[in-house]
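Q: Following this message is one structure expressed as structure tokens.
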Amino acid sequence: MLNISNVPTHIAIIMDGNGRWAKKRFLPRALGHKAGVDALRDVFTTAENIGVKYLTLYAFSTENWNRPQDEVIALMKLLAEYLGKETKKLHRNNVKINVIGDVSRFSVKLQAEIISAIELTKLNDGLFVNIALNYGGRDELVRAVKKISNDVKEDKLEAQNITEKILSNYLDTSGMPDVDLLIRTSGEYRISNFLIWQAAYAELWFTDVLWPDFKGAHLIDAISDYQNRERRFGKSEGE
Ligand code: IPE
Ligand code: IPE
Ligand code: MG
């Protein structure tokens with residue numbers, strides 16, 4: 001049973017394994033990605049029911065541009081279709097959609113879909129769904145440093161006053177709490193450049209389940225495991 005008073009506020013998921021899911025079924029990788037998108041529905045419903053506040057999903061990394069062009073194109077098409085088709089439904093469910101990452105590299109059409117999804121849902125106060133698109137933790141830090149340098153140059157900020165809190169405010173996740181629980185599917189044990197700052201003290205949970213097979217029940221498994229951990233933040237045991 002879950003302890004409702006200790007649900008992680010911010011869960012981040014590295015949704016990995018779409019390609020292997022398709023390969024096992026002798027299907028093209030694009031169909032694995034499609035099945036990956038379909039897996040979101042159950043996860044959203046469960047997250048909402050349990051009372052998770054923030055869900056950050058790694059959908060496309062800065063490194064994923066290095067995949068074959070046809071796969072990148074299929075992913076972009078899927079993203080635009082997803083936003084076009086699902087945004088209204090998410091809005092009805094009071095979901096607030098946000099995007100982190102550098103979307104300026106996407107097509108004008110996809111950027112427009114992103115902006116309209118954010119705009120439509122901006123006043124919602126249900127589940128906050130953060131989609132990481134063309135996101136890389138290192139790229140995010142580089143962009144933050146550029147903005148900081150610019151503000152220092154324009155005398156809006158003094159270099160000696162920069163704190164962790166101030167730096168956080170220059171990240172794409174500005175105003176959001178740190179990640180409490182980071183989940184990665186498909187049996188890979190790495191961070192792959194995801195939320196390297198925000199997940200500094202996250203609890204990590206790995207599963208062999210491939211992303212398209214991931215269900216709300218797996219999310220509950222991850223949360224109940226999280227509830228048995230002791231988060232120390234550098235302190236001694238039980239302090
Ligand atoms: C994750 O699945 C989805 C994206 C990275 C866009 P993969 O496509 O990485 O699936 P595997 O790791 O090849 O199985
Ligand atoms: C991480 O998965 C990125 C996303 C899930 C969007 P990858 O499949 O790209 O990661 P690596 O290359 O195996 O580390
Ligand atoms: Mg992968």
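Q: Which residues, taken from the range 136-192, are charged (D, E, K, R) and touching a residue at least 40 places away in the same chain (Cβ under 8 Å)? Show your work before the answer.
A: From the range 136-192, those charged (D, E, K, R) are 138-140, 143, 146-147, 151, 153-156, 158, 164-165, 172, 178, 180, 184, 188, 190; that's our starting set.
Across the range 136-192, the qualifying residues are 138, 139, 140, 143, 172, 178, 180, 184, 188.
Q: Could you check the range 37-76 and list, in sequence order, the residues that are in contact with a Leu (Cβ under 9 Å, 6 or more places away or on another chain) and among the basic types (Lys, Arg)?
A: Within the range 37-76, 53, 67 qualify.
Q: Condition first: farther than 20 Å from residue 70 by Cα and either away from ligand 1 (no atom under 11 Å from the Cβ) or of a type in the set (Asp, Glu) (or both). Now tell me which residues in the range 14-38 satisfy that.
A: 38
Q: Now for a different question. Show me the helices (runs of 4 or more DSSP H) found entirely inside the range 105-211 where at least 2 residues are small (Gly, Ala, Ser) and more than 27 Å from residue 18 (Cβ to Cβ).
A: On the way: elements: 108-121, 137-153, 164-169.
Hits in the range 105-211: 137-153.
Q: Of the numbered conditions (1) over 30 Å from residue 41 (Cβ atoms); (2) buried (at least 18 other Cβ atoms within 10 Å of the Cβ); (3) within 16 Å of ligand 2 (Cβ to nearest atom), residue 148 satisfies every one except a single condition; which is it?
A: Looking at each condition in turn, residue 148 falls short on (3).
Q: Another question, then. Look through 128, 106 and report the one residue that is crowded, with 17+ Cβ neighbours inside 10 Å, touching a helix residue (DSSP H, G or I) at 6+ places or on another chain (Cβ under 8 Å) and among the aromatic types (Phe, Trp, Tyr).
A: Numbers: 128 fails: touching a helix residue (DSSP H, G or I) at 6+ places or on another chain (Cβ under 8 Å).
Result: 106 is the single residue among 128, 106 that is crowded, with 17+ Cβ neighbours inside 10 Å, touching a helix residue (DSSP H, G or I) at 6+ places or on another chain (Cβ under 8 Å) and among the aromatic types (Phe, Trp, Tyr).
Q: On to the next question. Hey, residue 121 hits all of (1) out of contact with any helix residue (DSSP H, G or I) (no Cβ under 7 Å at 6 or more places or on another chain); (2) without any contact (Cβ under 8 Å) to a residue 40 or more places away in the chain; (3) crowded, with 20+ Cβ neighbours inside 10 Å but one; which does it fall short on?
A: Just one mismatch for residue 121, condition (1).
Q: Of the numbered conditions (1) more than 11 Å from ligand 2 (Cβ to nearest atom); (2) farther than 21 Å from residue 217 by Cβ; (3) polar (S, T, N, Q), residue 66 fails exactly one; give the number of that condition.
A: (1)
Q: Could you pull out every one of the helices (runs of 4 or more DSSP H) wholly within the range 1-71 that has 2 or more residues that are away from ligand 3 (no atom under 16 Å from the Cβ) and among the small types (Gly, Ala, Ser)?
A: Details: elements: 18-24, 29-38, 40-50.
Where helices (runs of 4 or more DSSP H) fall fully within the range 1-71, none carries at least 2 residues being away from ligand 3 (no atom under 16 Å from the Cβ) and among the small types (Gly, Ala, Ser).
Q: Shifting gears a bit: Tell me, please, whether a residue that is closer than 24 Å to residue 50 by Cα, within 16 Å of ligand 2 (Cβ to nearest atom) and among the charged types (D, E, K, R) can be found in the range 226-237.
A: No: zero hits.
Q: Continuing with the same structure: Considering every residue within the range 77-96, establish whether at least one is buried (at least 20 other Cβ atoms within 10 Å of the Cβ), away from ligand 1 (no atom under 15 Å from the Cβ) and small (Gly, Ala, Ser).
A: no
Q: Taking the range 204-217 as the search range and keeping residues that are of a type outside the set (A, V, I, L, M) and more than 16 Å from ligand 2 (Cβ to nearest atom), which one is surrounded by the most Cβ atoms within 10 Å (Cβ to Cβ)? Explain how you work it out, then say what you get.
A: As a first pass, look at the range 204-217 and keep what is of a type outside the set (A, V, I, L, M): 205-208, 211-216.
When the remaining residues are screened for being more than 16 Å from ligand 2 (Cβ to nearest atom), the result is 215-216.
Working: 215: 14, 216: 18.
The selected residue is 216.
Every number in this text was worked out from the coordinates using simple rules, so none of it is lab data. Treat the numbers as computed from the prediction; the structure is a model and nothing was measured. Here Cβ is always computed from backbone atoms with ideal geometry, including for glycine, and neighbour counts include all displayed protein chains.
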